[in-house]
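The values are calculated or read from the model by the stated rules, or taken from the named source; none is laboratory data. If you're wondering where the values come from, they're calculated on a predicted model, not measured in any experiment. Please note: Cβ atoms are built from the backbone with ideal geometry, for glycine as well, and neighbour counts cover all protein chains shown.
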Amino acid sequence: MVSSIGQSVSTEIRVRYAEIDGQRVAHHAVYLVWFEAGRAAFLRARGVDYLALEASGKFMAVVSANVCYRAPAHYDDLLTVATSLVALLSRAITFTYRVFRGAELLATGETRLVMLDNRGAAIALPAQLRAALSDSSSYKGDANVSPLA
């Protein structure tokens with residue numbers, strides 16, 4: 001199990017008009033969409049090709065999600081989603097998220113994902129995925145990697 005890797009991957013998101021309510025406040029459900037964007041960036045940064053993983057008949061399903069809202073995001077705000085890997089178990093992965101507007105922390109959250117085969121049965125994480133997620137020194141692509149605050 002990896003308890004903490006000490007680094008996060010940051011993803012910038014601009015709040016779109018479709019994501020707000022009548023008061024121009026971001027709807028609570030879109031935070032989970034932003035978490036997914038952060039998680040996808042984290043996986044890409046570690047060199048994980050999720051499409052290839054799916055093509056091999058393996059899928060990661062969210063089995064739990066939690067969001068703690070501290071302050072609202074508004075239309076056209078530029079946000080940063082900081083995504084960190086906090087647990088790597090035999091069949092499950094846990095990520096945490098911090099959503100910022102500048103230096104202001106707007107929300108925190110966590111998702112736990114389980115590896116499934118194409119029949120929906122839980123399976124062990126593939127060795128290549130485990131290796132990519134365990135190596136915190138090798139970030140690929142255009143990831144914005146920062147020390148975990």
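Which members of the stretch 126-141 meet the condition of being exposed (fewer than 11 other Cβ atoms within 10 Å of the Cβ) and either modelled with pLDDT of 90 or more or of a type in the set (Phe, Trp, Tyr) (or both)?
The one that is exposed (fewer than 11 other Cβ atoms within 10 Å of the Cβ) and either modelled with pLDDT of 90 or more or of a type in the set (Phe, Trp, Tyr) (or both): ALA127.
Spot the failing condition for ARG119; the list is (1) modelled with pLDDT of 95 or more; (2) in contact with a strand residue (DSSP E or B) (Cβ under 6 Å, 6 or more places away or on another chain), and only one is missed.
Looking at each condition in turn, ARG119 falls short on (2).
Working only within the stretch 100-120, note down all residues that are within 13 Å of LEU32 (Cβ to Cβ) and in contact with a Gly (Cβ under 8 Å, 6 or more places away or on another chain).
Of everything in the stretch 100-120, nothing turns out to be within 13 Å of LEU32 (Cβ to Cβ) and in contact with a Gly (Cβ under 8 Å, 6 or more places away or on another chain).
Which residues, counting only those in the stretch 6-29, are in a loop (DSSP other than H, G, I, E, B) and either in contact with a strand residue (DSSP E or B) (Cβ under 8 Å, 6 or more places away or on another chain) or of a type outside the set (Lys, Arg) (or both)?
GLY6, VAL15, ASP21, GLY22, GLN23, ARG24, HIS27, HIS28, ALA29, listed by residue number.
Does the stretch 57-82 hold any residues that are over 19 Å from ALA127 (Cα atoms) and over 14 Å from the mean Cα position of the chain (by Cα), and which are they?
Of everything in the stretch 57-82, those that are over 19 Å from ALA127 (Cα atoms) and over 14 Å from the mean Cα position of the chain (by Cα) turn out to be CYS68, TYR69, ARG70, ALA71, PRO72, ALA73, HIS74, TYR75, ASP76, ASP77, LEU78, LEU79.
Within the stretch 83-115, track down each residue that is free of Cβ contacts under 8 Å to residues at least 40 places away in the same chain and either among the β-branched types (Val, Ile, Thr) or more than 22 Å from ALA127 (Cα to Cα) (or both).
Listed by number, the residues that qualify are THR94, THR96, PHE100, ARG101, GLY102, ALA103, GLU104, LEU105, LEU106.
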